[in-house]
Amino acid sequence: MSTVAERTETASGYRAGRTLPLRVELLRQLKRRRTLVMGAILAVLPFVLLIAFAIGGDPAGRNGQVTLMDTATASGANFAAVNLFVSAGFLLVIPVALFCGDTVASEAGWSSLRYLLAAPVPRARLLWSKLVVGLGLSLAAMVLLPVVALAAGTAAYGWGPLQIPTGGALDSGTAAQRLAVVVAYIFVSQLVTAGLAFWLSTRTDAPLGAVGGAVGLTIVGNVLDAVTALGHWRDFLPAHWQFAWADAVQPHPEWSGMIQGTAISITYALVLFALAFRGFARKDVVS
């Protein structure tokens, strides 16, 4: 079924690249309640942990073993690293699935998708704008958490080097650079969830189905990675490399795990994004 965009492609003054500007889509998404709620949750989490440590006392290693969690109160940098550690496995999956899975499906659920296409906005342009904004908000969510944690941790525990559980420390400047690398890697590792959510968003009119489906499939991946009987097959699971960033916060960082994890995540994500664009281009949009 041809769209108005296809029929008016050559109309005077029409430019496909000027339809649905990124700033317009960004403002629309920023004003939505779910964006504000998710931002508030991520901003509050560091203070919840501060209260937990204040009530429970400083964490201490068990059986002589010291983990990253045990160094949480050593400095603001350590506190930020702990916040990333406790959030990377699940909490940070939620905003990615929400921002990328809700974006197209919500328009269909509101019966406004067909009107956007009749504006006229080419389908590829619409998907591109929504994908870029969804990924941008996902990245902002991942930056917000460690920034707030670093500020709160520094106020509570002071500015100092990042104490490494296995021994040694990283000076403040190096620690900040390594934490930036960690955030970047976590974002890349979540591209698979973003791809799943975005693809599902183009296949259903139910935002909750797209978001929940992406989160559910991500959890399934984590469960499969825990099945040691799979052996080397786990190397092809994105979940297998999600904590490879821990190698970056060492005196002598090891990059091989992060490189493999990046390659796996980007490969899966590109396939899923391509499926989303291909399927939506042929979809009969009636809502």
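The values are calculated or read from the model by the stated rules, or taken from the named source; none is laboratory data. A quick note: this is a predicted structure, and the numbers were derived from the prediction, not measured. Neighbour counts are summed over all protein chains in view; Cβ atoms, including those assigned to glycine, are modelled from backbone coordinates with ideal geometry. The accessibility values were calculated without ligands, DNA or RNA, using every heavy atom of the protein model including side chains. Shrake-Rupley method; radii C 1.70, N 1.55, O 1.52, S 1.80 Å.
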Value in Å of the Kirkwood radius, where segment 75-228 supplies the Cα pairs that are averaged:
17.1
Using 0.36 nm per residue of separation minus the Cα-Cα distance, give me the extension gain between ARG278 and ASN222 in nm, one decimal.
17.4 nm
Computed ³J(HN,Hα) along segment 77-82: with the Karplus parameters 6.51/-1.76/1.60, θ = phi - 60°, integer Hz and x for glycine or proline, the list is 5, 5, 5, 5, 4, 5
Tell me, what is the FRET efficiency for LYS31 and ALA180 to the nearest 0.05, using R0 = 25 angstrom and their Cβ-Cβ distance as r?
0.30
Need one value: the accessible area of TYR268 in square angstrom, 1.4 angstrom probe, rounded to the nearest 10.
90
State the extension gain, in nm to one decimal, for the chain segment bounded by LEU144 and ALA229, taking 0.36 nm per residue of separation less the distance between their alpha-carbons.
26.8 nm
Working out 0.36 nm times the residue gap between LEU91 and TRP128, then minus their Cα-Cα distance, what length gain in nm do you get to one decimal?
10.7 nm
What are the residues whose amide H is under 5 Å from the amide H of ALA169, where those residues sit 5 or more places off or on another chain and H is modelled from the backbone?
ILE164
Using each residue's phi in segment 208-221, evaluate 6.51 cos²θ - 1.76 cosθ + 1.60 at θ = phi - 60° and report the 3J(HN,Hα) Karplus result to the nearest Hz, with x for Gly and Pro.
4, x, 5, 5, x, x, 5, 5, x, 5, 5, 5, 4, x
